[in-house]
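All remarks here apply to the structure that follows.
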Amino acid sequence: MGDSRTGFIKPQNKMQLKLRDKLEFVLQNSTIFPARRASEDNMRQLLESLWPRKPKDRLIRVGPDSDGGYVLPDNFSGIRACISPGVSDESGFELACAEMGMEVYLADKSVEGPALEHPRFHFRKEFVGVGDGFLSLDRWAQLEGLSGTSDDLLLQMDIEGAEYEALLALSMDLQNRFRYMVIEFHRLDQWWSLGYFDLVSAVFRKLNSTHRCVHLHPNNCSGALKQGDLVFPRLMEFTFCRLDLVEDGQFLSQFPLPIDRENTDRCPLPLPDCWYKK
């Protein structure tokens, strides 16, 4: 799922297209980083801070039994709304939320609307992110009348790499109201570059101040990068659960779960051992 934004300038001729494709291949497959490299010890500490914890409620799959379905704790009573930036040709997760009684707010400038229609769907043709031309999560919540209350919310976000800045800009008040946050993180293979590592570390320190990761699932559409004995799927789905709904000090130690599903029909990509406590 997600919008169609790209970090590359649109090529103007065949030569530029070949150069762009070559650059993308090198960036996706190289183990050499042009910037200063994060230390392995710091990287291990970051991964350990993301080891999935045991939630107080059992994990279930919500949405399709394929790409677009996500794993969350089975406790949705009282969640007022699902905020879902990044829309694609699959809206099964959002439909499931609507059928549980949530209002569902979707936003994506690259499409004309969600793949399905529902009376509880509310769509904005805007990109969510930070800066001119982008709609911040806080401003969006304000526009939809979700600010100034204590109602729990659910965040499901797949915005093609803009998630890091969007989460750093998220107010702590709104962050605390998300009972669950399901986020597809992109470019995990670039975490080794020191500047990117600093950004990523700041994002997860912020999330871990109010939530804990309770589930991880690699997206098998893009493969993985191996550095020593650490393996980084290039795309991965993270489920965060608010601290009051997480068992203290207990970890999940077996992956994949029976309810996990591959995103595509490509080669399976199980969660690497370094991402969970064995």
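Determine, yes or no, whether Asp67 is at pLDDT below 95, charged (D, E, K, R) and crowded, with 17+ Cβ neighbours inside 10 Å. Considered against the rule, which asks whether it is at pLDDT below 95, charged (D, E, K, R) and crowded, with 17+ Cβ neighbours inside 10 Å, Asp67 comes out as yes.
Yes or no: Tyr164 of a type in the set (Phe, Trp, Tyr), surrounded by 17 or more Cβ atoms within 10 Å (Cβ to Cβ), modelled with pLDDT of 95 or more and in contact with a helix residue (DSSP H, G or I) (Cβ under 6 Å, 6 or more places away or on another chain)? Answer is yes for this residue.
Within the stretch 189-204, residues that are under 14 Å from Leu47 (Cα atoms) sit with their Cβ atoms under 6 Å from residues that are among the basic types (Lys, Arg), at 6+ positions apart or across chains, in these pairs: Asp189/Arg234; Trp192/Arg37. Scanning the stretch 225-240 for residues that are assigned to a strand (DSSP E or B), over 12 Å from the mean Cα position of the chain (by Cα) and either hydrophobic (A, V, I, L, M, F, W, C) or surrounded by fewer than 22 Cβ atoms within 10 Å (Cβ to Cβ) (or both) gives Leu225, Lys226, Gln227, Leu230, Val231, Phe232.
Among the conditions (1) touching a helix residue (DSSP H, G or I) at 6+ places or on another chain (Cβ under 8 Å); (2) crowded, with 19+ Cβ neighbours inside 10 Å; (3) not in a loop (DSSP other than H, G, I, E, B), Val214 misses just one, which is (1).
Given the structure, is Ser147 crowded, with 17+ Cβ neighbours inside 10 Å, polar (S, T, N, Q) and either in contact with a Phe, Trp or Tyr (Cβ under 9 Å, 6 or more places away or on another chain) or farther than 23 Å from Leu72 by Cβ (or both)? Answer is no for this residue. Scanning the stretch 65-108 for residues that are in a strand (DSSP E or B) and charged (D, E, K, R) yields Arg80, Glu103.
Which of the following residues is outside any loop (DSSP other than H, G, I, E, B) and among the hydroxyl-bearing types (Ser, Thr, Tyr): Ser201, Ser222? Going through Ser201, Ser222 in turn, just one is outside any loop (DSSP other than H, G, I, E, B) and among the hydroxyl-bearing types (Ser, Thr, Tyr): Ser201.
The values are calculated or read from the model by the stated rules, or taken from the named source; none is laboratory data. In this text the structure is predicted, and so the values were computed from the model without any measurement. Note: ideal-geometry Cβ built from the backbone for every residue, glycine included; neighbour counts use all protein chains shown.
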